[in-house]
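Values quoted throughout were computed directly from the atomic coordinates according to the rules given, and no laboratory measurement underlies them. Note that this is a predicted model, so its numbers are computed, not measured. Using ideal geometry, Cβ is built from the backbone for each residue, glycine included, and neighbour counts are taken over all protein chains shown.
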There are 2 protein chains.
Amino acid sequence: MGKLTAVTEMMAAEVLKATPIDNEAALREAKRGILDYVASAFAGQEDAGTIKLLQAIEAEGGHPVTPLIGQNKRASRGQAALLNGFMGHALDYDDVHSDVRGHPSSVILPVLFALSSGRDISGKQFLNAYIIGVEIMARLGQAIGTASYLKGWHNTSLLGGVAATFAGAQLLGFTAADTQNAVGIAASQASGLRVQFGTEMKPLHAGLAAQQAVQSIEWTQQNFQGTDAALDSEIGFLHVYSGNATDAAVREALTERWGETWRIAEPGLWFKRNPFCSAASHGADAALELAQLHLNSATIQKVEIIFPPGGDAALIHTRPKTGEQGRFSVEYVVALALLGQPFTLGNFGTAAVSAESEELVGKMSRSYDAEHKPAAQAIPKGRFTIVRLTLADGAVHSREVCVPKGSPQAPLTDAELESKWRESAPNQEKAEWLMQAIRGLENSNMSELEGFL
Amino acid sequence: MGKLTAVTEMMAAEVLKATPIDNEAALREAKRGILDYVASAFAGQEDAGTIKLLQAIEAEGGHPVTPLIGQNKRASRGQAALLNGFMGHALDYDDVHSDVRGHPSSVILPVLFALSSGRDISGKQFLNAYIIGVEIMARLGQAIGTASYLKGWHNTSLLGGVAATFAGAQLLGFTAADTQNAVGIAASQASGLRVQFGTEMKPLHAGLAAQQAVQSIEWTQQNFQGTDAALDSEIGFLHVYSGNATDAAVREALTERWGETWRIAEPGLWFKRNPFCSAASHGADAALELAQLHLNSATIQKVEIIFPPGGDAALIHTRPKTGEQGRFSVEYVVALALLGQPFTLGNFGTAAVSAESEELVGKMSRSYDAEHKPAAQAIPKGRFTIVRLTLADGAVHSREVCVPKGSPQAPLTDAELESKWRESAPNQEKAEWLMQAIRGLENSNMSELEGFL
């Protein structure tokens with residue numbers, strides 16, 4: 001790859017002039033995205049990791065500026081971004097985007113909440129900035145391709161800080177020069193390793209990326225100077241993380257066709273019905289179909305789970321010891337479904353997995369089929385999961401899923417999203433008001449919402 | 001590269017049992033290293049970037065726990081690590097280590113100062129932890145080799161956070177399990193791109209790595225859980241950054257021959273006489289020799305600067321616009337020497353370079369000689385720089401330097417280090433006391449020093 005002259009500059013120009021809320025689908029999905037993120041953060045507010053981080057933040061001190069969601073407390077903008085990012089992703093219950101191969105809203109929204117605090121920011125400005133953030137994160141995901149993910153980086157944090165910094169710069173009306181500077185500061189902090197999947201550090205990656213974005217914005221506001229070419233230099237961000245993508249492909253993904261569609265709506269955010277990694281959703285839905293056969297699990301001899309090559313990269317635990325590790329184990333999720341056990345938060349906590357599920361997991365193996373053609377609308381593109389059971393009597397039952405429930409092709413309805421919200425909210429009365437405020441956010445001001453977080 | 005089973009665990013075991021101050025050379029160099037770091041931070045205390053960061057920190061608020069060097073102020077441990085790291089490296093005046101290919105002390109010492117604040121930490125504990133930090137950072141540098149640096153990462157921050165976390169864990173007497181946990185948190189934050197060289201972000205990388213290490217230690221103290229295999233997993237830190245190094249070479253660099261020598265003394269820290277990148281030191285010394293010829297610079301037709309391939313990777317500016325960029329330009333440094341202009345802080349500031357130096361820089365070119373054999377004691381190994389002038393009358397003058405002044409083979413004397421200290425210190429009386437305290441640190445307690453920082 002050579003030098004991608006002026007890509008950062010072109011991106012900044014597009015970002016600063018965009019008004020994506022003029023697009024009806026983008027506006028609708030942005031409001032659904034905010035609802036889903038806040039619901040996910042509510043669900044994570046009593047997580048063990050949340051309590052530990054909160055103690056660390058309180059030990060540091062800091063001016064109480066930005067609300068910590070569901071905590072009735074405030075912290076500095078950076079601290080709040082860290083904790084609100086963590087809570088959103090704590091249960092792996094927050095949205096996913098297939099172009100990102102990661103979680104956009106738990107990075108971008110904590111940054112925008114932090115930067116809105118104590119400032120006169122309209123709901124329209126906030127929504128525009130959020131749509132921009134998702135757009136940039138999805139385009140970055142397309143630009144760098146799959147090599148860095150497969151190597152070991154976690155896109156949520158690797159791309160999230162840069163995307164959220166673009167969004168924050170748009171929110172605050174930065175100049176193009178300041179936007180490039182801030183994005184460069186964020187690029188130089190980008191990090192996060194997938195080896196942390198299944199530990200409390202995985203959700204913290206969302207918080208860290210949000211903290212980094214707030215730092216990048218705040219230091220730029222102090223006129224702290226970095227390079228304006230951190231993304232596109234020959235030794236810059238795109239170069240070091242884009243594997244063998246060509247210059248032309250990277251440039252096209254980042255700079256072409258701005259405004260024709262918005263990636264928050266096309267292909268769209270994927271809202272989770274269940275608190276585990278979306279890469280296990282296909283297998284989960286296939287197993288739920290098999291569970292309809294009411295087989296006696298004792299009669300299951302073996303379970304084969306078949307992916308396209310690399311399709312299970314996020315699912316790093318094949319023999320999980322805890323429910324938390326089970327969030328990244330297709331075997332555990334399939335076992336729960338076959339055993340008729342629900343996908344509740346309790347089954348994905350820090351407790352050891354049940355002996356029953358462990359026994360069934362022990363019968364499972366993964367394989368890969370590069371030839372199999374999934375449905376055209378498969379999400380992510382080309383993805384499928386086949387779950388194939390062999391019973392003691394030799395009978396074989398197999399189900400394939402390419403489009404799981406919750407994904408943009410089979411989205412949660414507004415009513416389902418509302419159920420998720422109500423199940424997660426700590427205080428129904430406050431939450432009811434907040435839900436209505438988010439639904440009419442384009443006519444509101446962020447200062448009105450913030451006290452209800 | 002495959003899985004490096006238990007490398008993190010083996011490193012933690014070595015670190016936690018080590019008492020390197022028993023080694024006389026290591027103890028001596030550690031005390032010199034602390035003096036040189038504090039002198040460099042004193043010199044950076046009024047840097048423009050320092051003032052901007054300080055404003056950002058004051059806007060955040062936080063409990064005043066750890067002194068900000070030379071500022072007569074305190075901040076939270078993480079904030080102090082950030083600013084003290086920045087100040088140490090602000091002028092590129094701080095030490096270098098050839099195995100690290102970066103700057104160890106401006107990351108490690110701010111972390112150890114931050115963690116010592118308000119605790120009963122002896123000078124011996126502090127010195128042990130510092131030597132350990134340099135040891136780990138140098139071993140990591142050897143383990144990952146040159147590929148990641150050439151690709152675009154900055155070793156100071158990429159390796160510094162992990163090394164400083166090992167050092168901090170040793171300082172606080174962590175268990176092996178907590179050490180591995182904290183190191184994993186640091187590994188997942190490792191970052192920093194060389195494209196930032198020549199901007200205020202380059203020194204901030206030292207501060208960011210220090211901040212990350214403090215976070216990793218503090219979150220582990222709250223029992224926040226990550227993986228214990230972040231370094232050695234097949235998708236872990238060593239794998240993603242070690243290029244094509246073999247498993248055996250990585251394992252050997254990190255786990256073999258602990259305690260035989262200490263890398264802080266062998267090959268040793270390189271203390272700077274001048275505030276520019278050490279990779280330009282060879283060229284600078286060669287040009288100083290040529291300046292002895294008292295040539296009229298107007299008669300110089302061309303200047304060729306010859307390196308081994310890749311030997312100039314850190315020197316990213318061939319036509320610097322400012323003195324700050326000139327810190328990473330062998331051309332600028334050579335021009336100053338040939339013009340008889342001193343290597344003062346003023347000549348490496350944010351002001352534009354002089355017309356005279358710009359004209360001379362315009363006559364320079366770099367080339368690479370893979371066949372040339374430098375002196376056996378060259379530092380880094382295999383490095384040389386030849387500066388070859390061609391005059392208007394066709395005469396050619398050439399000088400080669402392999403061991404520049406300041407490097408471990410031609411170290412600054414204690415008296416030269418003391419001059420650097422005195423020139424940098426803001427308050428001579430306080431500084432005198434502090435210098436004596438550092439020189440007798442093994443018989444002191446950190447609480448006695450800290451008020452004088």
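What are the label-to-label distances in nm, one decimal and shortest first, from residue A:340 to the same spot in the other copies, with labels 7 Å along Cα to Cβ?
9.6
What angle, in degrees between 0 and 90 and rounded to the nearest 10, separates the Cα long axis of helix A:281-291 from the longest principal axis of the Cα atoms of chain A?
With rounding to tens, the tilt is 30 degrees.
Would you mind computing, in nm to one decimal, how far apart the modelled labels at residue A:413 and residue A:398 are, each placed 7 Å from Cα along Cα→Cβ?
Here the answer is 3.4 nm between the modelled labels.
If you fit an axis through the alpha-carbon atoms of helix A:123-144 and take the longest principal axis of the Cα set of chain A, what angle between them do you get, 0 to 90°, nearest 10?
Rounded to the nearest ten degrees, it is 60.
Going 7 Å from Cα along the Cα-Cβ axis for the label, what nanometre distances separate residue A:448 from the same residue across the other copies?
For residue A:448, the other copies' label points sit at 6.4 nm, shortest first.
If neighbour count is taken as other Cβ atoms inside 10 Å, put B:149, A:368, A:130 in order from fewest to most. Please report the intermediate quantities before stating the final value.
Working: B:149 22, A:368 12, A:130 31.
Lowest to highest Cβ neighbour count: A:368, B:149, A:130.
From other protein chains only, count the Cβ atoms within 10 Å of every residue's Cβ in B:196-205, then give the mean. Don't jump to the answer; show the numbers that get you there.
On the way: counts 12, 2, 2, 10, 7, 12, 3, 0, 7, 2.
Neighbouring Cβ atoms belonging to other protein chains average 6 per residue here.
Tell me which residues come under 5 Å, amide H to amide H, from residue A:301 once H is placed; ignore anything under 5 positions away on its chain.
Placed amide hydrogens put A:390, A:391, A:392 under 5 Å from residue A:301.
Counting each DSSP H run of 4 or more residues in chain B as -39500 (n - 2.57), what helix-only mean residue ellipticity at 222 nm follows after dividing by all residues, to the nearest 500 deg cm²/dmol?
On the way: 19 runs with 219 residues, N = 453.
Taking each H run of at least 4 residues, the total per residue is -15000 deg cm²/dmol.
Give the relative contact order (percent, whole number) for the stretch A:278-401; include only Cα pairs under 8 Å separated by 6+ residues. Before the final figure, lay out the partial values.
Details: 214 pairs, mean separation 48.9, N = 124.
Here the relative contact order equals 39 percent.
Where does the protein assembly as shown land on Rg(C-alpha)/(2.2 N^0.38 Å)? Before the final figure, lay out each step's value.
On the way: Rg = 28.0 Å, N = 906, 2.2 N^0.38 = 29.3 Å.
In units of the 2.2 N^0.38 Å rule of thumb, it is 0.96.
Would you mind checking which residues have amide H under 5 Å from residue B:153's amide H? H placed 1.01 Å from N; only 5 or more apart, or other chain.
Sorted by chain and number, the residues that satisfy this are B:194.
Output the relative contact order of the stretch B:167-274, whole-number percent, from Cα pairs under 8 angstrom with separation of 6+ residues.
29 percent
How far apart, in nanometres, would the label points at residue A:367 and residue B:260 be if each is projected 7 angstrom from Cα along the Cα-to-Cβ direction?
4.9 nm
Using Cα pairs under 8 angstrom and six or more residues apart, how large is the relative contact order of chain A, in percent?
Values: 901 pairs, mean separation 95.3, N = 453.
About 21 percent, as a whole number.
Just to confirm the numbers: residue A:119, label point 7 angstrom along the Cα-Cβ line, distances to the other copies in nm, shortest first?
Ordered by distance, the counterparts are at 3.7 nm.
What distance in nm separates the two pseudo spin-label positions at residue B:427 and residue A:150, each 7 Å out from Cα along the beta-carbon direction?
6.0 nm
Once you charge only the Cβ atoms, +1 for Lys and Arg and -1 for Asp and Glu, what is the size of the charge dipole of the stretch A:216-348 about its Cα centre, to the nearest 20 debye? Mind showing how you got there, number by number?
Values: 9 positive and 15 negative charges, 149 e Å.
With only Lys, Arg, Asp and Glu charged at Cβ, the dipole is about 720 debye.
Give a quick list of GluC sites (Glu not before Pro) in the stretch B:357-453 that DSSP marks as loop, anything other than H, G, I, E or B, with at most 10 other Cβ atoms within 10 Å.
Numbers: sites: B:358, B:359, B:371, B:400, B:416, B:418, B:423, B:429, B:432, B:442, B:448, B:450; in loops: B:371.
Hits after loop and neighbour filter: B:371.
Over all residues in A:225-234, what is the mean tally of Cβ atoms on other chains that come within 10 Å of each residue's Cβ?
Details: counts 9, 9, 10, 1, 2, 5, 2, 1, 6, 3.
Rounded to a whole number, the mean comes out at 5.
Among A:303, A:449, A:286, which residue has its Cα positioned farthest towards the positive end of the charge dipole of chain A, with +1 placed on the Cβ of Lys and Arg, -1 on the Cβ of Asp and Glu, and the dipole taken about the Cα centre?
A:303
Where does each of A:333, A:303 land when they are ranked from fewest to most other beta-carbon atoms within 10 angstrom? Display every interim value, and only then the final one.
Details: A:333 31, A:303 23.
Ranked by crowding around the Cβ, least crowded first: A:303, A:333.
Ranking A:417, A:82 by Cβ neighbours within 10 Å, fewest first, what do you get?
Working: A:417 19, A:82 28.
Starting with the residue having the fewest Cβ neighbours, the order is A:417, A:82.
If you take the C-alpha gyration tensor of the stretch A:1-94, multiply each eigenvalue by 5 and take the square root, what semi-axes do you get, largest first, in whole Å? Before the final figure, lay out each step's value.
Working: eigenvalues 197, 77, 38 Å².
That gives 31, 20, 14 Å for the three semi-axes.
Give the residues of the stretch B:179-212 whose amide nitrogen is closer than 18 Å to a point set 7 Å from the Cα of residue A:175 in the direction of its Cβ.
Taking a point 7 Å out along Cα→Cβ of residue A:175, the residues of the stretch B:179-212 whose backbone N falls under 18 Å are B:200.
Could you please report the charge total around residue B:64, scoring K, R as +1 and D, E as -1 over all other residues with beta-carbon less than 10 angstrom from its beta-carbon?
Residues close to residue B:64 contribute a combined charge of +2.
In the protein assembly as shown, what % of DSSP beta bridges are antiparallel (nearest 5)?
Numbers: 40 of 52 bridges.
If we restrict to bridges inside the protein assembly as shown, about 75 percent are antiparallel.
Inside 10 Å of the C-beta atoms of A:60-71, what's the mean count of C-beta atoms belonging to other chains? Don't jump to the answer; show the numbers that get you there.
Values: counts 13, 9, 7, 5, 1, 3, 0, 0, 0, 0, 0, 0.
Mean partner-chain Cβ count within 10 Å for A:60-71: 3.
Using only the Cα atoms of the stretch A:278-401, build the gyration tensor, take square roots of its eigenvalues as a ≥ b ≥ c, and label the shape rounded, prolate or oblate: rounded if a/c is under 1.5, else prolate if a/b is larger than b/c, else oblate.
Details: a/c = 1.73, a/b = 1.17, b/c = 1.48.
It is oblate, given that a/c is not under 1.5 and a/b is not larger than b/c.
Tell me the Kirkwood radius of chain A: reciprocal of the mean inverse pair distance over distinct alpha-carbon atoms, in Å. Don't skip to the end; give the middle numbers.
On the way: mean 1/r = 0.0453 Å⁻¹.
Hydrodynamic radius (Kirkwood, Cα pairs) of chain A is 22.1 Å.
Take every DSSP beta bridge with both residues inside chain A and express the antiparallel ones as a percent of the total, to the nearest 5. Walk me through the intermediate numbers first.
On the way: 20 of 26 bridges.
Given both bridge residues lie in chain A, the antiparallel proportion sits at roughly 75 percent.
So what are the three principal axis dimensions of the stretch A:229-306 from its Cα atoms, in whole Å, longest to shortest?
60, 28, 21 Å, listed from the longest principal axis down.
Taking a ≥ b ≥ c as the square roots of the Cα gyration tensor eigenvalues, with a/c under 1.5 meaning rounded and otherwise prolate when a/b beats b/c, else oblate, which class fits the stretch B:412-453?
On the way: a/c = 3.03, a/b = 1.39, b/c = 2.18.
It comes out oblate by the Cα gyration axes.
List every residue whose amide H lies under 5 Å from the amide H of residue B:102, counting only residues 5 or more places away in sequence or on a different chain, with H placed 1.01 Å from N in the peptide plane.
Close amide H contacts, sequence-distant or interchain: B:97.
What ³J(HN,Hα) values, in whole Hz, does the Karplus curve 6.51 cos²θ - 1.76 cosθ + 1.60 give for the stretch A:264-271 when θ = phi - 60°, with x put for Gly and Pro?
5, 10, 9, x, x, 6, 10, 8
Helix A:414-424 sits at what angle to the longest principal axis of chain A, using alpha carbons and giving 0 to 90 degrees rounded to 10?
90 degrees
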